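Contents: one structure, followed by commentary.
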Amino acid sequence: MAMAPEIPLDIRDAMRDCILSVFWPKKKIIEFFESVGCPNEIVSAVNLETSRLSIIVETFSLLTARQDRGYDTFQVMLDRLSNWSYFDPYYFETIEKLDKAKAEQAINQTVAPQKPGEIEVFFVTFFSKKVTASFRFKNSAANWR
C-alpha cells in the first residue's frame, strides 16, 4: 500500500499560527475543526482543559497519525484559512484578544500546496524579459505536460 501524502510541517505550522490568530475561544477552534471535516473521534479526544496551542497541536498530531495522515482534512483546513475574511469584532475590537493585522499576516502565510509531486507556474527571466512558464511535474521526467 502506498504511503498517503503528508502536508509539510512548515505548512502545518503556518496553519497553526493562523488558527491561533483568528480564533480566541477554545470552543471556536473545535468548531472550526468540525467544520473542516475533522473526524469526531479526534475532536472528542481533545482535552479542552489545555491551552489553545495544545488543542491545535494535539488535533494535528492525531490527524497525522491516521493512515491517511489527515491529508483531506488538512487540505480543506488550508483552503478555508487561506480564504478567511471574518474577524469577530468582539475578539478583535471589543476585548482586543486578537490583532487583525497579525491575523491577516498569518492568513497570508498559508499558501495552498499543489498536489503531491507537482510543481506549477514559475516565473523565469529569459534575455531580460519576464516570461511565464507553466508546467507540471509528476514523479518522473516522462510525465511532463
| query | Tell me, in nm to one decimal, what length is gained between GLN67 and LYS28 on full extension, where the rule is 0.36 nm per residue of separation less the Cα-Cα distance? | reply | 11.4 nm
| task | May I have the convex hull volume per residue, in Å³, for the Cα set of segment 9-109? | result | 88 Å³
| task | Compare the peptides 80-86, 28-34 by average per-residue count of other Cβ atoms within 10 angstrom and give them in order, highest first. | result | 28-34, 80-86
| message | Cross-link candidates for LYS27: which aspartates and glutamates have Cα within less than 12 Å, leaving aside residues fewer than 8 places away along the same chain? | response | GLU49
| Taking θ as phi - 60°, what are the ³J(HN,Hα) couplings along segment 30-41 by the Karplus curve (6.51, -1.76, 1.60), each to the nearest whole Hz, with x for Gly and Pro? | 4, 4, 5, 4, 5, 5, 9, x, 5, x, 4, 5
| message | Can you compute the modelled spin-label distance between ARG80 and ARG52, with each label point 7 Å from Cα toward Cβ, in nm? | response | 1.6 nm
| note | Karplus ³J(HN,Hα) for segment 53-64 (6.51 cos²θ - 1.76 cosθ + 1.60, θ = phi - 60°; Hz, whole; x = Gly/Pro) runs 4, 4, 4, 5, 4, 5, 5, 4, 4, 5, 5, 6
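Every read-out reported here was derived from the displayed coordinates using simple, explicitly stated rules and does not represent laboratory data. Bear in mind the structure is a predicted one, so any value in this text is a computation, not a measurement. Cβ sites come from the backbone with ideal geometry, for glycine too, and all protein chains shown count toward neighbours.
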